[in-house]
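Comments concern the structure below.
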């Protein structure tokens, strides 16, 4: 096994006449947490779909090692199954595809949902449902987690708690993570590396590394300065002179 | 306190309304708004029931009607669900068949009565046929709509976790449409119960529809009302029975969003 579970070489992709990516190359290291940010509609989700193998690129090569698991935005749980049954789906592809009591207990403890194994998703809050999704993705022992704006449907405070939980879960069960988000702060708080995409056809505007250990506070200077840099890259930062005028 | 008020609401209040209704009925028959032969008193109906219980005829009619409704309805469900699933997934088949399904759905099932008798004579078969025609097309449409409403993320997740073919159908598609199917079953079972009465009036030799038609021909309006009461009660019970399906834990989500 190489140290690069995922790589893209000169990948272009289009839906009919509309080009989504042009000549995109990137490599993701084992155990790395990569966040992808960019304007809405720039093809972040398409990129995840290419990485997961759900879509085939129009041209270029995608290399994938080991299993990947997708965590969806919301409502990716089957509402007719209990928490236990939903998590058990994560093991479906394995030969010994049975969720043992011990495994289930560990996972529920990990996401702090002990005692909820027989609940149905509609009986849980949005944050709890996303935690179950995460547990399901972790259950299969896949090496790579592809997360498609997993916290975007939650309110801000729940989102902060979910970020903290994700960091804790990843220290206990290390995974390679590709995390798509429109939330720049979230990217700066969580990721080792942040890829900033342009509008369509998307190309890499810049690649930032955040060298601070996790967990990081959203007000940590490194996080704040990363947010500033990304806003600059996306042309979203109010210039100093405009701020002065407001005063 | 709360339990007491719910007791009042579920039993005492409806019972009170029923008593008022019966009193009104008794008053109307006493002052003879309609001639006595056309308007039985509540007491006449009680005697009517006693007679029906003694002869056992109403019971036989009830069994006959329930049998026909079950046959026609089960046949419609068993055939409509696969067809609806097929049409829900195959756009070409849907384009080809949907107008026809809509046409037959809009056609009153009672319009089939002449053909039902010409083809199947009198008895169980024409009535079963009419119940089938009354429910099959609505059910097909309900299944198509339910399939169209399945969020695409379920199919993505299903693909991620290796559901394909029959296991996809059994573990994802069917549970995803189950709440809407149960609602459609309730509606169409109600329709089936309406249709059986009309169908038996014309194409039956027995059954509740035939019983009230026969009572009218014999000018036994007391027995006619007995039949009406049984038809109404069974209709309500039928729906209560199907409501139970909505309480299954694996479909509750469909009603609580």
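Readers should treat all values here as calculations from the given coordinates under stated rules, not as data from a laboratory. Keep in mind that what you see is a predicted model, and the values were worked out from it rather than measured. Glycine also receives a Cβ, built like all others from the backbone with ideal geometry; neighbour counts cover every protein chain displayed.
What is the residue count in region B:239-257 for residues that are away from chain A (no Cβ under 14 Å) and touching a residue at least 60 places away in the same chain (Cβ under 8 Å)?
Qualifying residue count, region B:239-257: 1.
Against the definition (part of a loop (DSSP other than H, G, I, E, B) and more than 9 Å from chain B (Cβ to nearest Cβ)), how does residue A:115 come out, yes or no?
yes
Yes/no matrix, rows are residues, columns are (1) under 30 Å from residue A:135 (Cβ atoms); (2) touching a strand residue (DSSP E or B) at 6+ places or on another chain (Cβ under 7 Å):
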residue: A:162; (1), (2): yes, no
residue: A:165; (1), (2): yes, no
residue: A:190; (1), (2): yes, yes
residue: A:232; (1), (2): no, no
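Yes/no matrix, rows are residues, columns are (1) buried (at least 19 other Cβ atoms within 10 Å of the Cβ); (2) touching a residue at least 60 places away in the same chain (Cβ under 8 Å):
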{"site": "A:148", "(1), (2)": "yes, yes"}
{"site": "A:161", "(1), (2)": "no, no"}
{"site": "A:166", "(1), (2)": "yes, no"}
{"site": "A:176", "(1), (2)": "yes, yes"}
{"site": "A:193", "(1), (2)": "no, yes"}
{"site": "A:202", "(1), (2)": "yes, yes"}
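Just to check your reading of the model, which residue among B:147, B:140 is farther than 30 Å from residue B:209 by Cα, more than 14 Å from chain A (Cβ to nearest Cβ) and in contact (Cβ under 8 Å) with a residue 24 or more places away in the chain?
Going through B:147, B:140 in turn, just one is farther than 30 Å from residue B:209 by Cα, more than 14 Å from chain A (Cβ to nearest Cβ) and in contact (Cβ under 8 Å) with a residue 24 or more places away in the chain: B:147.
Yes/no matrix, rows are residues, columns are (1) more than 10 Å from chain B (Cβ to nearest Cβ); (2) touching a strand residue (DSSP E or B) at 6+ places or on another chain (Cβ under 7 Å); (3) closer than 23 Å to residue A:210 by Cβ:
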{"residue": "A:31", "(1), (2), (3)": "yes, yes, yes"}
{"residue": "A:47", "(1), (2), (3)": "yes, yes, yes"}
{"residue": "A:65", "(1), (2), (3)": "yes, no, no"}
{"residue": "A:68", "(1), (2), (3)": "no, yes, no"}
{"residue": "A:84", "(1), (2), (3)": "yes, no, no"}
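When you scan region B:56-144 for helices (runs of 4 or more DSSP H) that lie fully inside it, which ones turn up with 3 or more residues that are within 15 Å of the chain's Cα centre (by Cα)?
B:57-89
For a quick check of your reading: which helices (runs of 4 or more DSSP H) sit entirely within region B:151-231 and have at least 1 residues that are touching a helix residue (DSSP H, G or I) at 6+ places or on another chain (Cβ under 8 Å) and within 22 Å of residue B:141 (Cα to Cα)?
In region B:151-231, the matching helices (runs of 4 or more DSSP H) lie at B:152-160, B:165-168, B:174-203.
Which residue is surrounded by the fewest Cβ atoms within 10 Å (Cβ to Cβ), if the candidates are limited to region A:120-131 and must be within 12 Å of chain B (Cβ to nearest Cβ) and in contact with a helix residue (DSSP H, G or I) (Cβ under 8 Å, 6 or more places away or on another chain)?
Only one residue fits best here, namely A:122.
Within region B:160-175, how many residues turn out to be surrounded by fewer than 19 Cβ atoms within 10 Å (Cβ to Cβ) and more than 7 Å from chain A (Cβ to nearest Cβ)?
Here the count works out to 9.
Starting from residues that are in a helix (DSSP H, G or I) and without any contact (Cβ under 8 Å) to a residue 24 or more places away in the chain, keep the ones in region B:41-55 and report whichever is surrounded by the fewest Cβ atoms within 10 Å (Cβ to Cβ).
B:54
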